[in-house]
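A short worksheet on the structure shown next.
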Amino acid sequence: MDTMSPQQRHKNMAAIRSADTKPEMTVRRWLHSRGFRYRLNHPRLPGHPDIVLRKYRTCIFVNGCFWHGHEGCRYFRLPKTNVDFWRTKIERNRERDRRDYQALARLGWHTIVIWECSLKPASVCQRTLESLEQTLYHIYLADREVGNGPSRALEYPVRGEEDGGDGKMVAEQ
Ligand SMILES: [Zn+2]
């Protein structure tokens with residue numbers, strides 16, 4: 001039996017959500033330290049990606065394993081009460097995520113999902129961030145087909161951020 005009032009549940013969920021911002025900060029701080037520049041929570045892109053690297057045509061989502069239903073993950077365990085409620089809720093989140101990633105792909109964006117479980121402990125986190133960097137360089141080179149004539153990237157402008165310019169990029173404090 002679930003003894004939480006809707007207000008209590010809302011409060012608990014908000015607390016869990018805000019705790020989820022810590023993994024995102026880890027990724028942001030690291031990207032910034034490595035010289036990557038980005039925008040946050042782009043309002044006009046599907047799913048409001050946590051981190052947008054325009055130069056790499058890449059959106060990064062740092063996903064909490066519970067809320068986004070990370071299959072087979074130790075952090076994704078449905079609460080023992082109200083199982084159906086949670087199952088439905090998480091499944092809905094997963095469907096929304098899939099739709100957002102597909103919509104971004106149609107607009108010409110790469111999507112990288114980083115699960116919170118891949119950011120701890122520190123040794124695992126280091127490997128994840130190093131492989132993120134490799135992935136970003138790979139994307140950059142593949143988009144431009146270095147050594148294969150003129151840049152194809154120019155033929156496929158990214159869409160969805162109509163205000164375009166890099167002037168609004170966020171620099172980490
Ligand atoms: Zn996970």
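Each reported figure results from applying straightforward, stated rules to the coordinates on display, with no laboratory input. None of these values were measured; they are calculated from a predicted model. Here the Cβ positions follow ideal geometry from the backbone for every residue, glycine too, while neighbour counts run over all protein chains shown.
Points worth noting:
- Checking every residue in region 124-132 against the condition of being of a type outside the set (S, T, N, Q), more than 26 Å from Thr26 (Cα to Cα) and more than 14 Å from the chain's Cα centre (by Cα) gives zero matches.
- Considering residues of region 18-35 that are of a type in the set (A, V, I, L, M, F, W, C) and surrounded by fewer than 18 Cβ atoms within 10 Å (Cβ to Cβ) only, the residue nearest to Tyr101 (Cα to Cα): Met25
- Meets criteria (surrounded by fewer than 11 Cβ atoms within 10 Å (Cβ to Cβ) and within 16 Å of the ligand (Cβ to nearest atom)) for Arg74: yes
- For region 77-91, the set of residues classified as within 13 Å of the ligand (Cβ to nearest atom) and loosely packed, with under 15 Cβ neighbours inside 10 Å consists of Arg77 only.
- Counted residues, region 92-122 - those being within 16 Å of the ligand (Cβ to nearest atom) and either surrounded by fewer than 18 Cβ atoms within 10 Å (Cβ to Cβ) or closer than 19 Å to Arg28 by Cβ (or both): 12
So that you can scan it fast, the table gives a plain yes or no per residue for (1) out of contact with any Ser or Thr (no Cβ under 9 Å at 6 or more places or on another chain); (2) part of a strand (DSSP E or B); (3) in contact (Cβ under 8 Å) with a residue 60 or more places away in the chain:
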residue: Val62; (1), (2), (3): no, yes, no
residue: Phe66; (1), (2), (3): yes, no, no
residue: Leu78; (1), (2), (3): yes, no, no
residue: Thr81; (1), (2), (3): no, no, yes
residue: Asp84; (1), (2), (3): yes, no, no
residue: Arg94; (1), (2), (3): yes, no, no
residue: Arg98; (1), (2), (3): yes, no, no
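- Candidate set from region 37-56 (those that are surrounded by 20 or more Cβ atoms within 10 Å (Cβ to Cβ) and assigned to a loop (DSSP other than H, G, I, E, B)); member that is nearest to the ligand (Cβ to nearest atom): Asp50
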